[in-house]
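A short worksheet on the structure shown next.
Laboratory data are not the source of any read-out in this text; all were calculated from the coordinates shown. Computed from a prediction, not measured in an experiment: that's the story for all the values here. All Cβ positions, glycine included, derive from the backbone under ideal geometry; neighbour counts span all protein chains shown.
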Ligand code: ADP
């Protein structure tokens, strides 16, 4: 579903992603962990086309994200291609980034109407269903500042899902929340995990959740994957000394 092939990303002289190769299967739930500054967020931002690549290709659902073939040559993708491929991906950020002047319902209706061309009625039906799925059926007419952080984050998840993405990205979505609000957001993500077709990539510091939720854990170090594997072996029997050190520090 997603493949990074020799991806390089630099900020000035600093190589942040250093020849990344990573493939994520359809329906796979992958947790990205690793020290702060190791490049995890940059990986998600590149997938959202929020960062330009310095080398390599990212494939999404069989198509290169930022390039197209024209007359036998590889050229940078135009905005129509980017919009279409990016439409397969939804992202939820650490800061909820809701539109402050729109109710929960309107937040979830906006992009389906303007980007997908849904009618107001279709968009509203979809938004109502999704807000119910994240447990906020009774809050649909509330504005973001009338909602708790956990509720805002659940609206943000519903809003991303309203675009019917094939891949969902979660970037430390519980880091900005008070501890008592973390559980309700993780419960929604757990529920989504049961959707076998949805591919999920999650950057997280919640090792317990990663262990229980993910099919595979990948440890980032210095812009590369140091080690990856299923939670059962990754946490109990890591191969690399760096992984062992990281796990000793966080578990
Ligand atoms: P992580 O998510 O693992 O904490 P990031 O992907 O956020 O790491 O950042 C990786 C590195 O890239 C860090 O050293 C960070 O300072 C740097 N970086 C990220 N975004 C930018 C930017 N826009 N300009 C310059 N440096 C950046």
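Could you rank the peptides 127-137, 172-182 by their average count of other C-beta atoms within 10 Å per residue, with the highest value first? Don't skip to the answer; put the middle values down first.
On the way: 127-137: 18.5, 172-182: 16.1.
The densest-packed peptide leads the list: 127-137, 172-182.
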Applying the gyration tensor rule to the Cα atoms of the chain (axes a ≥ b ≥ c; rounded if a/c under 1.5, else prolate if a/b exceeds b/c, else oblate), the class is oblate
Starting from the Cα-Cα distance between residue 68 and residue 11, subtract it from 0.36 nm times their residue separation and give me the gain in nm to one decimal.
18.1 nm
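Using Cα pairs closer than 8 Å and at least 6 residues apart in sequence, work out the relative contact order for region 8-47, in percent.
31
Quote the FRET efficiency, to the nearest 0.05, computed for residue 102 versus residue 237 with a Förster distance R0 of 41 Å and r equal to the Cβ-Cβ distance. Let's see the in-between values first.
Values: r = 48 Å, r/R0 = 1.18.
Using R0 = 41 Å, I get an efficiency of 0.25.
Hey, what did region 142-233 get for relative contact order, percent, Cα under 8 Å, at least 6 apart? Spell out each step's value before the answer.
Working: 81 pairs, mean separation 21.8, N = 92.
Computed value for region 142-233: 24 percent relative contact order.
Compute the length gained on full extension between residue 191 and residue 245: take 0.36 nm times their separation in residues and subtract their Cα-Cα distance, giving the result in nm to one decimal. List each step's numbers first, then the result.
Working: separation 54, 0.36 × 54 = 19.44 nm, distance 3.19 nm.
So the chain would gain 16.3 nm between residue 191 and residue 245.
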Highest average packing first - 187-193, 157-163, 141-147, Cβ atoms within 10 Å
157-163, 187-193, 141-147
